[in-house]
């Protein structure tokens, strides 16, 4: 039986992002995958679909709503692969009781504000050019595994070559 992998979207959700298929094509042979669109589970109003408006909704209520919804939807232990805001949502869900085996987050820049961490194996990925990634001292304090991807920025996860690179890193369940 395959282990369950939860994939959480970035700020934009999956509706307008076809890059998620790169991950699904590679990982569906290794995992039983469930994708969650962070806009949907965070009750984000997408009528004014600008970065500023969507971001503000996540900060004001969406992160908390999505965190609670994720805990409700996933009663059993899971592996997590999360992108950007999805990483923050999964992290906070882990702190509130979501049972996580392995946590992989890509470009989850809001984690720089966290001072506690979920009880699981954690690996974070950031582009070298992502100006909002956590500082080296944050990683040292939190004692978290980090991989900096050279010459890449925040949206590196939307490329097929990064999806292939990342899939090699994810632990393949036995």
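The values are calculated or read from the model by the stated rules, or taken from the named source; none is laboratory data. None of the values given here were measured: they were computed from a predicted structure. Note that we place each Cβ from the backbone using ideal geometry, even for glycine, and neighbour counts take in every protein chain shown.
I'd like the residue in the range 69-81 that is touching a residue at least 12 places away in the same chain (Cβ under 8 Å) and out of contact with any strand residue (DSSP E or B) (no Cβ under 6 Å at 6 or more places or on another chain) and, out of all such residues, is farthest from residue 93 (Cα to Cα). That would be 76. Among the residues of the range 87-108, which ones are surrounded by fewer than 20 Cβ atoms within 10 Å (Cβ to Cβ) and under 10 Å from residue 71 (Cα atoms)? Selection gives 96, 97, 99.
The residues in the range 5-36 that are over 15 Å from residue 162 (Cβ atoms) and either under 15 Å from the mean Cα position of the chain (by Cα) or free of Cβ contacts under 8 Å to residues at least 40 places away in the same chain (or both) can be counted, and the count is 17. There is no residue in the range 113-128 that is in contact with a strand residue (DSSP E or B) (Cβ under 8 Å, 6 or more places away or on another chain), assigned to a loop (DSSP other than H, G, I, E, B), surrounded by fewer than 20 Cβ atoms within 10 Å (Cβ to Cβ) and modelled with pLDDT under 95. Would the range 126-144 turn up any residue that is out of contact with any helix residue (DSSP H, G or I) (no Cβ under 6 Å at 6 or more places or on another chain), touching a residue at least 24 places away in the same chain (Cβ under 8 Å) and under 20 Å from residue 33 (Cβ atoms)? No, because not a single residue in the range 126-144 is out of contact with any helix residue (DSSP H, G or I) (no Cβ under 6 Å at 6 or more places or on another chain), touching a residue at least 24 places away in the same chain (Cβ under 8 Å) and under 20 Å from residue 33 (Cβ atoms).
Residue pairs whose Cβ atoms lie under 8 Å apart, separated by 6 or more positions or on different chains, with the first residue in the range 93-111 and on the phi > 0 side of the Ramachandran plot and modelled with pLDDT of 95 or more and the second part of a strand (DSSP E or B) and buried (at least 18 other Cβ atoms within 10 Å of the Cβ), are 107/83; 107/125; 107/126; 107/127. Scanning the range 36-56 for residues that are out of contact with any helix residue (DSSP H, G or I) (no Cβ under 8 Å at 6 or more places or on another chain), exposed (fewer than 15 other Cβ atoms within 10 Å of the Cβ) and assigned to a loop (DSSP other than H, G, I, E, B) gives 47, 48, 49, 50. The condition of being part of a strand (DSSP E or B) and under 22 Å from residue 56 (Cβ atoms) holds for residue 105.
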